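Presented below is the structure to which this report refers.
The values are calculated or read from the model by the stated rules, or taken from the named source; none is laboratory data. Predicted, not measured: the structure shown is a model, and the values here were computed from it. Cβ sites come from the backbone with ideal geometry, for glycine too, and all protein chains shown count toward neighbours.
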Amino acid sequence: MKLDRRARRVGRAALAVLAGGAVLAWSGIASAAGSTSPTFAGYVLGGIAPTKAATTFKLPSFSCTSTNSGIAFTIGFTNFTTEEFTTGEVVVGCVDGAATYAAQEQINDYWSYLTPTMSAGDVINITLSVSATKSTVSVKDKTNKSSVSDTVRGPGGGGTFTGAGVGDNTLGSAGYPIPSFGTLKYSATTINSAALGTYSGVGEYNMSGPSGDVNTSTLKAGSASFTTKSA
């Protein structure tokens with residue numbers, strides 16, 4: 001297993017307190033089912049050239065204390081040889097005792113902060129589309145019918161990737177704890193228009209580390225859905 005820690009900045013002013021020195025942890029290759037990562041829970045797929053991907057989930061509700069916390073629900077493409085990453089995600093967390101939701105995307109390591117208004121219970125759809133000269137990341141709130149996206153064209157706009165993954169990432173180099181978000185279901189999860197569970201060699205990760213524990217459900221063969229659950 002290979003883990004990579006990428007610089008992350010957290011979008012939206014309410015989550016900015018979590019951003020200082022924040023990191024994105026991403027698993028670079030597939031592994032045997034049931035592997036453990038201190039920073040990631042979900043599934044990764046190596047040995048593939050992904051050009052498009054999608055996933056859908058419902059934003060959880062959770063209670064906050066005075067302790068700041070956060071986690072990112074993410075889908076993305078990876079290339080650990082060229083050190084290129086393109087992702088879309090929603091960051092959820094507690095800031096000064098209040099639950100906050102924010103969308104952001106990364107295209108070839110450059111972050112943008114998207115500004116949709118999102119609330120607990122909203123159904124979110126994230127899509128990625130990449131070619132040799134163009135990359136687009138979109139975050140759509142299907143409940144309030146809003147959407148935001150970012151596109152980069154021309155030189156540096158495209159990418160060549162060798163892996164993909166979807167799941168929960170910790171954030172904050174200070175080791176911000178994970179909020180007790182309960183169970184999150186990733187559904188309609190596809191890579192190159194095929195359900196995630198149709199691929200062989202998909203690697204399952206459970207999270208166990210200083211930020212907290214998250215358990216990943218078994219991905220059934222042919223399925224496009226799985227869950228992550230905070231301990």
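Table for the structure above
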read-out: Qualifying residue in region 70-92 (condition: touching a Cys at 6+ places or on another chain (Cβ under 6 Å) and not aliphatic (A, V, I, L, M)); value: no
read-out: Residue in region 39-48 that is under 14 Å from the mean Cα position of the chain (by Cα), farther than 15 Å from Leu219 by Cβ and either among the acidic types (Asp, Glu) or at pLDDT 95 or above (or both) present; value: no
read-out: Within region 193-216, considering residues that are in contact (Cβ under 8 Å) with a residue 40 or more places away in the chain and among the β-branched types (Val, Ile, Thr), the one surrounded by the fewest Cβ atoms within 10 Å (Cβ to Cβ); value: Val202
read-out: Which numbered condition Ala188 misses (of (1) within 15 Å of the chain's Cα centre (by Cα); (2) at negative phi); value: (2)
read-out: Hey, Val166 farther than 22 Å from Tyr176 by Cβ and touching a Ser or Thr at 6+ places or on another chain (Cβ under 6 Å) or not; value: no
read-out: Checklist (1) in contact with a helix residue (DSSP H, G or I) (Cβ under 9 Å, 6 or more places away or on another chain); (2) crowded, with 23+ Cβ neighbours inside 10 Å; (3) under 24 Å from Phe80 (Cα atoms); (4) modelled with pLDDT of 95 or more applied to Thr190, failing item; value: (2)
read-out: Which numbered condition Ala224 misses (of (1) over 27 Å from Ala49 (Cβ atoms); (2) part of a loop (DSSP other than H, G, I, E, B); (3) of a type in the set (A, V, I, L, M); (4) modelled with pLDDT of 95 or more); value: (1)
read-out: Qualifying position, being over 15 Å from the mean Cα position of the chain (by Cα), at pLDDT 85 or above and either more than 18 Å from Thr56 (Cα to Cα) or not small (Gly, Ala, Ser) (or both), among Thr117, Thr81, Thr87; value: Thr81
read-out: Any chance Val166 is of a type in the set (A, V, I, L, M) and more than 15 Å from Phe57 (Cβ to Cβ); value: no
read-out: Residue satisfying condition, being under 19 Å from Thr56 (Cα atoms), modelled with pLDDT under 95 and of a type in the set (Gly, Ala, Ser), within set Ser211, Ser146, Ser200; value: Ser146
